[in-house]
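Just so it is clear, none of the values below were taken in a lab; they were calculated from the coordinates. These numbers were taken from a predicted model, which means no experiment stands behind them. Because the Cβ atoms are built from the backbone with ideal geometry, glycine has one as well, and the counts that use them run over all protein chains shown.
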């Protein structure tokens, strides 16, 4: 039988043991909860907390109507974990699979998969070998292909293959507007904007990564009642909406391609802008590139010629100087100038016209593009007035389009003008302007002299909030002092595309076109080249209520080199197609106009015949009655040739060139006398 | 002490040990069981609720992933659509299939104007058309004077 005392001892031992056990547990709790709290909490947190980064989407670029010009194409990057990919046979299988499905190099993939370990350097400089957990199989695999491959990988049960969803920049319209849009590159998983609008608006279009910290379950899904913190909000890049209209841009590019094919210039560019808002409706240049085709991309074609390049504009400068002279009342459209039969000695140098011209009115000077006549007008104006005029049309100033770099052109300040400047600047020599500057100047000529900033970007939109920021139209007060100046200069410029003008090929049937041709010799090695030219035509249509200003320039065309002959036809076809696209009703009925022209010609021909018959009858009578010996000699044409009125109302000058006798007759009969349109637009 | 009290104390029944305490134990056990049932019921409910929540959470995650996938698909289709609507592509197809398309012309749109005949005149026309007697008469009359006139076309 057990004694009470032994029971007591055992009880005491048990109690002591329990006490110690409790004490140990208490200590362990203390240790875990208090002493090692931070360490263990961090460990646990690391286990059940996940950090997820989400890439935002880079902003896209659209045209004015919302057609996508630069977008983000979904794609997948395929990776593998070589440490679990399997043995040599398995790796070969995987390599073969990807080689046949996505066209990757089998050997490259196999070698990457067989790199099971890699050597890394410790902080202390020692090297250690660790398992290789990451090998790239292929990056930027197209969405559809990646989806198919993903399914096939699941079916094949390959181990360690992972797909990372990403986006890559895509230019769905290929080379359309490529120089303006620019492109981006990828440098170590970072998007780097290289040129164009991509670069200018890089900061706005760049997205911000979002970081989300959440408590996850064992399978990685966020726990419903778990804690989740947005460390950084994901922010998509802003979308840019241009003023460009894709269909018109396509027309422009197509015609420019034709120009390149037929005239084979080294470069060509065309810009179309709205004269009232300064919106660039279309802009293109050749050579260009396809941003989606990086392998065949020519870096020489990257340059943005319309903003970076300058050229001596030649005769397309003339309307500016003449507008200044008209506005100041120095000349009137009917004021006549002697064009010196094509050669004029001024300030020690000879100034030539492309064709010898006699006495011309100011209107005819523009119509026939006389250098001498324009230089004489400028001399009448004086250097200060000419400088003021050209500056007011924006020469020497940047246009403000969001393209970098943008040239401000070459335009000397007045105090640096030499004696020749006054005769050369108005004919577009001795100064240089960018195509954009010229278009801005012509916008002012078209809109009644209102200074305007060219706009390439219409609005910027936040895709997440839908907020839109619009770029305002800057439309200043008219620079003209005389309200008639606009009508006068437009009337003169209309003559350029009408019969007797230098660019009849630029005329658009049914519409009045105001424009000016320009043929400038290129300045090569310190002298004006006799074989290299810039052929331009710039104008606006419909002349009285212009919807757009269009400049077409061919740099060093082969064969014909006159602006009217080279660029004029393309101006016509671009303008014609654009007017139809914009559904702009013609200024006059073409059939009626043709009939009127035909009737006028027939009438003139009948009159001429009647006069000839009368003269013949009179001659017969006089021959039979008179017997003077001198009458036997009748020169076919008088020695001093008086002006001979032609069938088209033109007068033949003594030098053999046709011109219209006076301003009143310079205006070609027009089928309907349109009312003067208001230059202001709502 | 009254008789009744005395009798009770002396009987066997009253002297039996309180043994017994059985009703107290029973009620205690029932209470415990009830409490346990409540607790376990609540726990089970909670577990079931959590399970349901997690299931829904998983479904939501899957739906979210589907949305992401569909958004990517939409983005892909958007790019494809833009590629197919580019003018160079369209013009190639026009040439390929020899489509007789021509550029739009403002003159190609013509406006049709329907001029309605006044109601009274319309009835006259109908009358003359239907009244054969009158027509015969008029034709007879006109034939004597000259060729018959079609009153309807005349109108």
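Structure above, values below:
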{"read-out": "C-alpha long axis of helix A:435-447 to longest principal axis of chain A, angle in °", "value": "60"}
{"read-out": "Sequence of A:353, A:123, A:453 once ranked by neighbouring C-beta atoms within 10 Å, starting from the fewest", "value": "A:123, A:453, A:353"}
{"read-out": "Kirkwood Rh in Å, taken over the stretch A:120-241 so that all alpha-carbon pairs contribute", "value": "19.0"}
{"read-out": "Efficiency of FRET between residue A:607 and residue A:484 - r from beta-carbon atoms, R0 41 angstrom, step 0.05", "value": "0.75"}
{"read-out": "Contour minus Cα-Cα distance for residue B:95 and residue B:40 (0.36 nm per residue)", "value": "12.0 nm"}
{"read-out": "Cα pair distances of the stretch A:25-160 binned at 5 Å [whole percent]", "value": "2, 8, 11, 12, 11, 11, 12, 10, 8, 6, 5, 3, 1, 0, 0"}
{"read-out": "Distance cut-off 17 Å, percentage of C-alpha pairs in the stretch A:235-299 lying past it", "value": "56"}
{"read-out": "At 1.002 mPa s and 20 °C, Stokes D of the stretch A:450-527 from Kirkwood alpha-carbon radius, µm² per second", "value": "126"}
{"read-out": "Residues A:391, A:169 arranged by fewest to most Cβ contacts within 10 Å", "value": "A:391, A:169"}
{"read-out": "Förster-model FRET efficiency, 22 Å R0, residue A:300 and residue A:194, C-beta, rounded to 0.05", "value": "0.95"}
{"read-out": "Relative intensity, log₁₀ I(q)/I(0), of the stretch A:527-610 from a Debye sum that treats every alpha carbon as a point, q = 0.23 Å⁻¹", "value": "-1.02"}
{"read-out": "Radius of gyration, Dmax [the stretch B:37-80; alpha carbons; angstrom]", "value": "18.7, 63"}
{"read-out": "Per-pair calculated FRET efficiency, R0 = 30 Å: residue A:219 and residue A:15 via Cβ, rounded to 0.05", "value": "0.05"}
{"read-out": "Chain A, helix-only ellipticity at 222 nm - DSSP H runs n ≥ 4, -39,500 (n - 2.57), divided by all residues, nearest 500", "value": "-10500 deg cm²/dmol"}
{"read-out": "Relative pair counts by distance (%), Cα atoms of chain A, 20 Å bins", "value": "14, 35, 22, 15, 8, 4, 2, 1, 0, 0"}
{"read-out": "Rounded to 10°, Cα long-axis angle of helix A:383-392 versus longest principal axis of chain A", "value": "40"}
{"read-out": "Normalised contact order of chain A, rounded percent, pairs of Cα under 8 Å and 6 or more residues apart", "value": "12"}
{"read-out": "Net length gained if the chain between residue A:230 and residue A:418 were fully extended (0.36 nm per residue, minus Cα distance)", "value": "60.9 nm"}
{"read-out": "Residue exposure sequence - B:63, A:468 - by fewest surrounding Cβ within 10 Å", "value": "B:63, A:468"}
{"read-out": "Value of Rg to Rh for the stretch A:448-584 (Rh from inverse mean 1/r over Cα pairs, i.e. Kirkwood)", "value": "1.08"}
{"read-out": "For a label point 7 Å along the Cα-to-beta-carbon line of residue A:148, residues of the stretch A:99-124 with backbone N under 11 Å", "value": "A:101-103"}
{"read-out": "Binned Cα-Cα distances of the stretch A:355-508, short to long, each 5 Å bin given as a whole percent", "value": "2, 8, 14, 17, 19, 16, 11, 6, 3, 3, 2, 1, 0, 0"}
{"read-out": "Extension reserve of the residue A:157-residue A:96 stretch, reckoned as 0.36 nm per residue once the Cα distance is removed", "value": "20.5 nm"}
{"read-out": "Compactness of the stretch A:338-398, expressed as Rg and Dmax over alpha-carbon positions, Å", "value": "12.9, 39"}
